[in-house]
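The values are calculated or read from the model by the stated rules, or taken from the named source; none is laboratory data. What you are looking at is a predicted structure, and each value in this text was computed from that prediction instead of being measured. Using ideal geometry, Cβ is built from the backbone for each residue, glycine included, and neighbour counts are taken over all protein chains shown.
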Amino acid sequence: MSGSLIQNGTTGTNGTSGGNGTAGGSAVVSYTSVGTSATLKGYATGGSGGNGGFPVTPGAPGGSGGAGGNASITVAATTVPFNGSRLGVNASAQGGAGGDGGDLSRSNGGAGGAGTAAHASAILAGGVVYARAVSTGGYGGVGGSAGYAAGNGGTVGNTTAYASGYSAYATAYQTGGGGGRGVAGAAPGLAAPSTLANAVSGSASGTLGLIQKATGGPGGYAATGTPAAGGAASSTLTVTNTVAKRLDATVMAYGGNGGHNGTGNFGGAGGNAVSAVTATGNGAVTVTAEALGGLGLTTGSASANAVANSAGGQSASATGQAMGGGATDSSAASSSGTGGMVSLVAAGASDPVAAGITNDFAHSEAGFGGMPATTLSFDGAFASVVAAPSGAALTAALTNDPAVNVVLGAVGAVVFGAAELSGNAQGNGPADHLATASWTLDAAGLTGQLTLGLVGSQVLGTGFSSLDLAVTV
C-alpha cells in the first residue's frame, strides 16, 4: 500500500499600482498513519509572494514584492508487520519564493518563505524502515535601484527524521534559501544558513543507518557593488547505540556559493562548512564527515571531524573529508576487546590547515584480528591498526623482512599489534599528514622486551620531504 499527501499554499496577490504584493499562503501538513502502509509521502509548498505593483506615476517607486509562504510538515507511520516487512516515509517542506518588486528600477524584493519543521517518522517492528525529511527555504525576490534591496533567502530549521525497525535508515536534508537578485544598483538578498544538530535518530537491532546534510543557500546576485556571500553550513551528530549489529553515520555540510556580479563572475565569498560526527556502538561502526566550502570570490573554509568507537572487538572506521580554502580534517577510530593482552586499539589521522584550496581525506580504522588495510589512494593521512594480528599476511610480512623476523618471528615472541600509517599528496601543494596508532595493554604477566619492527616502508613519487616517528610507552 502507498499514499501521498500534497498541500500547496496559495499564491500571493500582485500589488495594485504602487501597492505591495501580498504574502504567499502557508502550507501545513500533519498526518499519522497506523496500519500496514508500505510507503507514505507528504509534500508541503508555501505559496509564492505576489509581485509589487507598478508605480502610480513615472519616477515613483514600485510596490514591494510579497514574502513567500512558509511550509511545515509532519508525516509519521507506525506499521504492523506485513508481507515484505518494509516501510518508507518521506516528508518535504519547500518555502515559497518571494515576489519581485513592482518596478525593477525602484522597488524591494520579497523575502523567501521558510522551509521549517519537516519531520518524518517510521516505525515497523522486525522490518526494514526508511524515513526521509527534506526542508528547503524559498528564494528571495528581485529588487531594483540604489537604496532598495532584493529579498533575503528563506530560513530553514528543525528538520528531523526517525526510523525504528530491525534495520532502520533515517535521512535529513536541509538547504537554506538563496538571496534574491539585486539589479540596477539594488543590494543583493542575503543567503540563509543551514544548521543540523542531531537531526537523525533511530532504533535497530540489525543495521542503523543515519545521514544528515546541511547546505547553505547561494548568495544573491548584484549587478553593481558586492554580491552576497553564500550561507554557512553546519552538520553535527553524536549517536550511541549498543544494540545494533552495525552502525553507519554520515554527516555532510556544504557552504553555499557566493553571488555573481554583473560580469557573470563570482563576487561574493563562499560559505564556510563544518561537519562533525561521533558514533559509539557495540557492533561494527562506520562514520564519515564531509565538509565542502562554497565557491566564490574566496572559497569558504571547511572542517570535518569523524570519530568511531566500537566495543567487543568489532571493527571501527572513520573518514573525514574537507575541501575548501584552508581545509582541515581529522578522524579517530577505536575498538575495545574483551580479555586478552590488548584491551583497546586505536587509530588516528589528521591533516592540518594547508595554504590555498585543498581537498584532503583523513581515514582511520581499528579492529581485532587479521592485518591492517593497505594505503588508500587519496590525498591525506591514513591509519589502519589491528590488535592480535593473524593470518598468512602476518607470516608474509615477517618472512619478507629477515631482520624483523629474527626478533618477532622467534619462538615465544608474541605479536600483539600491527599498523599501517601513511600520508599521500596528489598535487594540492605542501602539507603535513599525521597518523597515529596505539594499543592499551594488560601489563600483568608481561616479561621480556617490547620491540617495534618497521617493515615494508616505501616512498612513491617525488616531493617527499621528511618523516618523523615518535614512540611513547
**Report entry** Any chance S235 is touching a Phe, Trp or Tyr at 6+ places or on another chain (Cβ under 6 Å), modelled with pLDDT of 95 or more and not hydrophobic (A, V, I, L, M, F, W, C)
**Finding:** no
Requested in this report: Keeping to the stretch 367-386, report how many residues are farther than 19 Å from D351 by Cα, at pLDDT 90 or above and aliphatic (A, V, I, L, M).
Outcome: 1
Report summary line: If you go through N305, N309, N359, the only one that is farther than 21 Å from T238 by Cα, in contact with a strand residue (DSSP E or B) (Cβ under 6 Å, 6 or more places away or on another chain) and assigned to a strand (DSSP E or B) is N359
Requested in this report: Within the stretch 142-163, track down each residue that is buried (at least 24 other Cβ atoms within 10 Å of the Cβ) and more than 21 Å from G216 (Cα to Cα).
Outcome: G143, G144, Y148, A163
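Looking at N424, N428, N400, can you tell me which residue is over 24 Å from S335 (Cα atoms), more than 39 Å from the chain's Cα centre (by Cα) and modelled with pLDDT under 90? Explain how you work it out, then say what you get.
Details: N424 fails: more than 39 Å from the chain's Cα centre (by Cα); N428 fails: more than 39 Å from the chain's Cα centre (by Cα).
After ruling out the rest, the residue left standing is N400.
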Query raised in the report: Do you know which residues across the stretch 286-326 are buried (at least 24 other Cβ atoms within 10 Å of the Cβ) and over 22 Å from L434 (Cα atoms)?
Result: G293, G294, G296, T299, G300, S310
Query raised in the report: For the subset of the stretch 277-304 comprising residues that are under 16 Å from T215 (Cβ atoms) and of a type in the set (A, V, I, L, M), which member is farthest from the chain's Cα centre (by Cα)?
Result: L295
Query raised in the report: Restricting attention to the stretch 346-365, which residues are at pLDDT below 85 and among the small types (G, A, S)?
Result: A354, A355, G356
Query raised in the report: Out of (1) surrounded by fewer than 24 Cβ atoms within 10 Å (Cβ to Cβ); (2) over 30 Å from V243 (Cβ atoms), what's the single condition that is false for G182?
Result: (1)
Requested in this report: Determine if the stretch 210-226 includes at least one residue that is in contact with a Pro (Cβ under 8 Å, 6 or more places away or on another chain) and under 20 Å from A133 (Cα atoms).
Outcome: yes
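Test G189 against the criterion of being part of a loop (DSSP other than H, G, I, E, B) and modelled with pLDDT of 95 or more, and give yes or no.
Judged against the criteria, G189 is a match.
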Query raised in the report: Taking the stretch 82-140 on its own, how many of its residues are within 23 Å of V156 (Cα to Cα), surrounded by 24 or more Cβ atoms within 10 Å (Cβ to Cβ) and either more than 29 Å from the chain's Cα centre (by Cα) or of a type in the set (V, I, T) (or both)?
Result: 7
**Report entry** Residue selected from the stretch 192-207 under the condition part of a strand (DSSP E or B) and within 17 Å of the chain's Cα centre (by Cα), by the criterion surrounded by the most Cβ atoms within 10 Å (Cβ to Cβ)
**Finding:** S194
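Do you know which of the residues in the stretch 431-464 that are among the hydroxyl-bearing types (S, T, Y) and at pLDDT 75 or above is farthest from P389 (Cα to Cα)? Let's see the steps before the verdict.
Initial filter on the stretch 431-464 (among the hydroxyl-bearing types (S, T, Y)): 436, 438, 440, 447, 451, 457, 462.
Checking the rest, the ones that are also at pLDDT 75 or above come to 436, 438, 440, 447, 451.
On the way: T436: 17, S438: 14, T440: 15, T447: 20, T451: 15 Å.
Per the criteria, the residue is T447.
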Report task. Among what's in the stretch 327-345 and is polar (S, T, N, Q) and farther than 27 Å from D432 by Cβ, pick the residue that is modelled with the lowest pLDDT. Result -> T338
